[in-house]
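Have a look at the structure below before the remarks.
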Amino acid sequence: MKNGTTAAYHVQAVLSFALSGTALAAGIACLPVGGWTRAFLGIGLLYTVTSAFTLAKVIRDRQESNEMVSRVDQARLEKLLAEHDPFKVEGV
């Protein structure tokens, strides 16, 4: 993987997400409350999960954008340094 994470770390993250979501959904299903309350909690769970995915995507996109700008700035600096001649006398 290009970001340096291992396959085991990826599997652990996926399994952790699946286990926590399943446990929370089972907990909501087993609550001694009415259907409307259970549905409200289920919708809350889905909203939290989709919001977490959206936040992760926004953070990733911003980091990728910053990396691209940084690479462009670095290339410009390298070009300026390569073209600069400290011994060149202006106007001669």
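Derivation of every value follows stated rules applied to the coordinates shown; laboratory data play no part. Computed from a predicted model, the values in this text were never measured in an experiment. All Cβ positions, even for glycine, are placed from backbone atoms using ideal geometry, and neighbour counts span all protein chains on display.
The number of residues in the stretch 20-56 being of a type in the set (Gly, Ala, Ser) and either at positive phi or exposed (fewer than 11 other Cβ atoms within 10 Å of the Cβ) (or both) comes to 7. For Glu90, indicate whether it is part of a helix (DSSP H, G or I) and either charged (D, E, K, R) or touching a Gly at 6+ places or on another chain (Cβ under 7 Å) (or both). Answer is no for this residue. Quick check on the stretch 29-81: of everything there that is within 23 Å of the chain's Cα centre (by Cα) and among the small types (Gly, Ala, Ser), which residue is nearest to Ala18 (Cα to Cα)? It comes out as Ala52.
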